[in-house]
Amino acid sequence: LAHVAGLPAFRQELLDARATLEWLAAYPDGPETYAFPSSSASGLRKPVERTLGTTARVEYARVLEVLEEDAAALVDAFSDEQKQRLGITTERTPLKEAMWDDDDHKAWKKQELERARGLLPWARDPNGLAAEASDFRA
């Protein structure tokens, strides 16, 4: 999961490098913009169709969510009995069991808030994501 969390920063570096190259290629005129930076494969249809089997434009934030869910499923795909036998302890979070607002889960809230902040540049609706993330503030 840590590797998935680092992808937005790595992608931003690639986007910044591409913007610099576009500027250099167009100098002294301004660079032409054609891509959708919030979409996977810059919004190009062919790479998305080839890899995901759809012609729809796929937001990069959705790709990250799929990778996070995939990694989490691989890690957590054990029954409670198997986890107990393997010595795997799972943190209590409001996503996994009912909890009261005053229950102590500040670390989880902080982790979710940081995850939301990492997704913010790629969100289709930044205001909606910010509103959802407000629940995670301690």
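Among residues other than residue 4 whose Cβ falls under 9 Å from its Cβ, what is the net charge (Lys/Arg +1, Asp/Glu -1)? Write out the running numbers ahead of the final one.
Details: positive: none; negative: 68, 70.
Neighbour charge sum, excluding residue 4 itself: -2.
Arranged from highest to lowest average of other beta-carbon atoms within 10 Å per residue, in what order do the peptides 19-26, 108-115 appear?
In decreasing order of mean packing, 19-26, 108-115 become 108-115, 19-26.
Work out the count of Lys pairs in the chain where the Cα-Cα distance is under 25 Å, with the pair 8 or more places apart or on different chains. Can you show the working numbers first?
Details: 83/96; 83/106; 83/109; 96/106; 96/109; 96/110.
For the chain, qualifying lysine pairs total 6.
Counting pairs of alpha carbon atoms under 8 Å apart in space and at least six apart in sequence, what relative contact order in percent does the chain give? Let's see the in-between values first.
On the way: 92 pairs, mean separation 30.1, N = 138.
So the answer I get is 22 percent.
What dipole magnitude, in Debye to the nearest 20, does the chain give about its Cα centre under +1 on Lys/Arg Cβ and -1 on Asp/Glu Cβ?
I would put it at about 380 debye.
Kindly state, to the nearest 0.05, the FRET efficiency for residue 49 paired with residue 85, given R0 = 25 Å and r defined as their beta-carbon distance.
On the way: r = 44 Å, r/R0 = 1.75.
For R0 = 25 Å, the calculated efficiency reads 0.05.
Take each complete run of DSSP H in the chain, measure how far its Cα atoms stretch along the helix's own axis, and keep only those covering 27 Å or more with mean Kyte-Doolittle hydropathy at least 0.0; list them. Working shown, then result.
On the way: long enough: 2-26 (37 Å, 0.35).
Going by DSSP H runs, the hits are 2-26.
Which whole number of Å³ per residue matches the convex hull of the alpha-carbon atoms in the chain?
Values: hull volume 20.9 nm³, N = 138.
Convex hull of Cα atoms, per residue: 151 Å³.
Each value in this text was obtained by applying a stated rule to the coordinates, not by laboratory testing. Note that the structure is predicted; figures quoted are calculated from it, not measured. Heads up, the Cβs are rebuilt from the backbone with ideal geometry, glycines too, and the neighbour counts pull from every protein chain shown.
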